[in-house]
Amino acid sequence: MKKQVLSRILICAVAFSALFVQSCRDVQPEASLANAHSFDNKVYLKWNDLFLQVDRYAKGYRPGPTPRALGYLGLSAYEIAVPGIPENNSLENMFAGLALPEPQADVEYHFPAAINESYYYLMRRFFYHMESDTKLEARAAFEQIDRLHTELYEAYKAESDPAVFERSIAWGQSVAQAVYEFESTDAYGHNAFLDPQPTSYVPPAAPGLWQPTFPDYGRAVFPYWGKVRTFALRDADKIGRKPIPYSENPESLFYTQGEEVYNTVNFINNPGTNPDDIALAQDLKAIAFFWSDDILNLTFSPPARLVAIANQIIKAEDSDLAESAELYGKMGLALSDCGVAIWNTKYIYNVERPASYIRRVMPQQFPDASNWKSLLINTNNGVEGITPAFPAYPSGHSGFGGCGSKILSAFFEYNAKHPGTYTFTDGCHQGRTDFFGSDARTYSSFAQAGAQNALSRIPLGVHFRMDCDEGVRMGEVAAQRVLELPWKK
């Protein structure tokens with residue numbers, strides 16, 4: 001009898017224990033929320049390396065649509081990863097009209113698989129026109145979008161639990177769709193690459209104001225880009241400081257700025273026989289070409305250059321996925337806002353380019369100035385001495401350089417790992433044997449690289465010094481406003 005009672009007690013105890021365990025399972029999460037810091041940076045490096053290849057051949061993307069695309073790509077990927085970054089906030093509430101789906105609570109996501117879907121979804125839509133481009137290289141670059149997506153999809157599928165993988169795919173796609181819907185509501189930015197030089201714009205005519213410029217006299221590029229939606233800039237930030245007052249007086253500061261460009265290019269072309277002068281001229285020319293990135297089909301564009309640098313640093317630092325999400329998010333938003341502010345200012349002041357000023361005004365002092373031209377060559381058609389088809393002030397290169405270098409500095413300098421500045425080598429064009437040569441260049445800080453990027457436009461012959469100075473300042477402001485967003489809790 002005692003044995004029967006004891007057996008019943010044991011049976012009840014086991015049954016109660018099983019019910020208790022099942023009850024606990026019912027209230028526990030399906031799985032712990034994976035921390036985005038536990039994943040590597042591969043999905044970011046792969047997609048941003050491909051972005052550089054696609055951007056190289058993307059008609060209509062220079063200069064505004066490229067940083068704008070980077071802004072939305074970076075924002076979407078960041079919002080996908082942020083549920084797995086415990087120390088960071090979503091930025092959804094900072095952007096009126098952006099309605100993102102909610103992640104499932106207390107479940108696991110494979111964040112690289114989700115981010116892969118976002119880049120794939122948005123890249124195909126941002127660059128859809130390249131699928132039927134007449135240039136073989138452009139179509140080939142577009143085809144790489146499908147290939148990279150498949151490569152990463154299969155790799156992440158193999159390493160993931162099936163339920164987690166399917167959930168992650170759906171999460172990435174849903175966020176990307178919401179971001180694209182938000183992007184599409186910006187009438188001035190959405191698909192603007194289809195009409196980069198609108199015939200509706202007629203530039204004002206007066207001494208010192210920009211007009212289509214020697215030698216190709218191209219129509220104005222993106223004259224309405226200043227109306228594109230920004231992410232963090234205040235309205236006052238979109239208008240740069242007034243340029244130096246226009247003057248044709250040889251004693252004026254404006255004339256002096258033109259004379260600097262004229263003399264610098266002439267020195268590069270004819271340095272004389274002194275070995276030191278020859279070496280200096282060669283270095284100035286190398287710097288001008290190293291940072292150029294002006295020509296479609298030759299290299300990625302000037303704003304994308306900052307992503308090329310970021311890729312190198314992310315790889316060198318072995319940054320994890322969470323760190324990469326924050327960096328590329330900040331870089332994209334800042335570069336996009338910078339482009340809007342710079343182009344808004346360009347078409348407010350409409351300052352003419354050095355080439356037109358030198359050829360029109362300076363022959364009275366320097367007779368050979370009437371035939372002066374920049375060092376920039378369009379390798380697509382062999383035209384020499386070209387100038388980008390928009391007003392000079394402020395410089396876009398300088399803006400993107402100042403902006404991107406500030407974002408990189410805030411991320412990699414003056415912290416526990418790097419208590420001072422960051423020394424790095426930019427090998428963006430290393431190994432090339434064409435227009436750029438093959439040398440990499442080393443910098444002791446990101447600010448130094450940004451400054452050289454800006455000032456490279458003087459020896460190239462396409463900007464006044466004031467253009468470069470104001471461009472850097474405006475780029476740094478754009479970066480600062482993005483850094484001030486509530487990224488951290």
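The values are calculated or read from the model by the stated rules, or taken from the named source; none is laboratory data. Please read all numbers here as calculations on a predicted model, not as lab measurements. A quick note on method: Cβ atoms are made from the backbone with ideal geometry, for glycine too, and the neighbour counts reach across all protein chains shown. These area figures cover heavy atoms from the full protein model, side chains too; ligands, DNA and RNA do not enter into them. Shrake-Rupley method; radii C 1.70, N 1.55, O 1.52, S 1.80 Å.
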*Can you give the Kirkwood hydrodynamic radius of the stretch 91-134 from its Cα pairs, in Å with one decimal?*
13.3 Å
*asked:* How tilted is helix 302-317 with respect to the longest principal axis of the chain? Cα atoms for both, answer in degrees (0 to 90, nearest 10).
replied: 50 degrees
*How would you classify the stretch 395-455 from its alpha-carbon gyration tensor, with a ≥ b ≥ c the square roots of the eigenvalues: rounded for a/c under 1.5, else prolate if a/b is greater than b/c, otherwise oblate?*
oblate
*Where does the chain land at 222 nm, in deg cm²/dmol rounded to the nearest 500, when only DSSP H runs of n ≥ 4 count, each adding -39500 (n - 2.57), divided by all residues?*
-17500 deg cm²/dmol
*Which FRET efficiency value, to the nearest 0.05, do you get for ASN274 and LYS489 by plugging their Cβ-Cβ distance into 1/(1 + (r/R0)^6) with R0 = 60 Å?*
0.50
*How long is the gain from ALA158 to SER132 if the chain were fully straight, where each residue apart is worth 0.36 nm and the alpha carbon distance is subtracted?*
6.0 nm
*Tell me, what ³J(HN,Hα) does each residue in the stretch 385-393 have, in order and in whole Hz, if you take phi through Karplus 6.51 cos²θ - 1.76 cosθ + 1.60 with θ = phi - 60° and put x for Gly and Pro?*
x, 7, 9, x, 8, 6, x, 7, 9
*May I ask for the Kirkwood hydrodynamic radius of the chain, worked out over all distinct Cα pairs and given in angstroms to one decimal?*
24.3 Å
_Order by protection proxy (mean Cβ within 10 Å, highest first), peptides 360-367, 265-272_ = 265-272, 360-367
*What do you get when you divide the Cα radius of gyration of the stretch 272-373 by 2.2 N^0.38 Å, with N the number of residues?*
1.56
*If r is the Cβ-Cβ distance from ALA205 to ASN263 and R0 is 41 Å, what FRET efficiency results, to the nearest 0.05?*
0.90
*Between GLN364 and THR256, 0.36 nm times their residue separation minus their Cα-Cα distance comes to what?*
37.4 nm
*HN-Hα J couplings of the stretch 281-291 from phi, Karplus 6.51/-1.76/1.60, θ = phi - 60°, integer Hz, Gly and Pro as x?*
4, 5, 5, 4, 5, 4, 5, 4, 6, 4, 9
*Considering amide H positions built from the backbone, and no H for Pro or chain starts, which residues 5 or more places from ASN88, or on another chain, come under 5 Å of its amide H?*
LYS489
*For helix 396-412, what angle does its Cα long axis make with the longest principal axis of the chain, in degrees from 0 to 90 and rounded to 10?*
40 degrees
*For the stretch 226-286, fraction of C-alpha pairs farther apart than 19 Å, in %*: 59 percent
_Backbone N within the stretch 99-118 under 18 Å of label point (7 Å from ALA170 Cα along the Cβ vector)_ = 100-118
*Over the stretch 304-362, what percent of the accessible surface lies on carbon and sulfur atoms, probe 1.4 Å?*
45 percent
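Placing +1 at every Lys and Arg Cβ and -1 at every Asp and Glu Cβ, with all other atoms neutral, what dipole size does the stretch 333-489 have around its Cα centre, in debye to the nearest 20?
Approximately 220 debye in magnitude.
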*asked:* Filter LYS46/LYS285; LYS46/LYS227; LYS238/LYS417; LYS238/LYS285; LYS315/LYS488; LYS227/LYS330 down to the pairs with a C-alpha to C-alpha distance above 29 Å, please.
replied: LYS46/LYS285; LYS46/LYS227; LYS238/LYS417; LYS238/LYS285
*Normalised contact order of the stretch 129-240, rounded percent, pairs of Cα under 8 Å and 6 or more residues apart*: 18 percent
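Estimate the FRET efficiency between ALA99 and ASN415 by the formula 1/(1 + (r/R0)^6), using the beta-carbon distance for r and 35 Å for R0, to the nearest 0.05.
Values: r = 35 Å, r/R0 = 0.99.
The calculated FRET efficiency here is 0.50.
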*asked:* Stokes-Einstein diffusion coefficient for the stretch 180-258 at 25 °C in a medium of 0.890 mPa s, Rh from the Kirkwood formula over Cα pairs: what value in µm²/s?
replied: 155 µm²/s
_Square roots of five times the Cα gyration tensor eigenvalues for the stretch 73-112, Å_ = 18, 11, 10
_Can you give me the accessible area per residue for the stretch 282-361, using a 1.4 Å probe, in Å²?_
21 Å²
*Three-way shape call for the stretch 351-392 based on the alpha-carbon gyration tensor, with the a/c threshold at 1.5*: oblate
_Cleavage-rule hits (GluC sites (Glu not before Pro)) in the stretch 414-489: DSSP loop, at most 10 neighbouring Cβ within 10 angstrom_ = GLU484
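With an 8 Å Cα cut-off and a minimum separation of 6 or more residues, compute the relative contact order for the stretch 187-337 in percent.
Worked out over the stretch 187-337, it gives 18 percent.
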*For labels at ASN191 and LYS242 in the simple 7 Å Cα→Cβ model, what's the distance in nm?*
4.2 nm
*Roughly how compact is the stretch 339-416, stated as its Cα Rg over 2.2 N^0.38 Å to two decimals?*
1.50
*Long-range Cα-Cα pairs in the stretch 30-164 (distance over 17 Å), rounded percent*: 62 percent
*Relative to the present Cα-Cα distance, how much length would full extension add between SER444 and THR423 at 0.36 nm per residue of separation?*
7.1 nm
*asked:* With angles folded into 0 to 90 degrees, how steeply does helix 253-269 sit against the dominant principal axis of the chain? Use alpha carbons for both and round to 10.
replied: 90 degrees
*Round to a whole number: what % of the accessible area of the stretch 381-430 belongs to carbon and sulfur, probe 1.4 Å?*
51 percent
*asked:* Going by amide H atoms built from the backbone, whose H comes under 5 Å of the H on GLN211, apart from near neighbours?
replied: ARG353
*Relative contact order for the chain, counting Cα pairs under 8 Å that sit 6 or more residues apart, in percent*: 22 percent
*Can you bin the stretch 93-181 into rounded, prolate or oblate? Criterion: square roots of the alpha carbon gyration tensor eigenvalues sorted a ≥ b ≥ c, rounded for a/c under 1.5, prolate for a/b above b/c, oblate for the rest.*
oblate
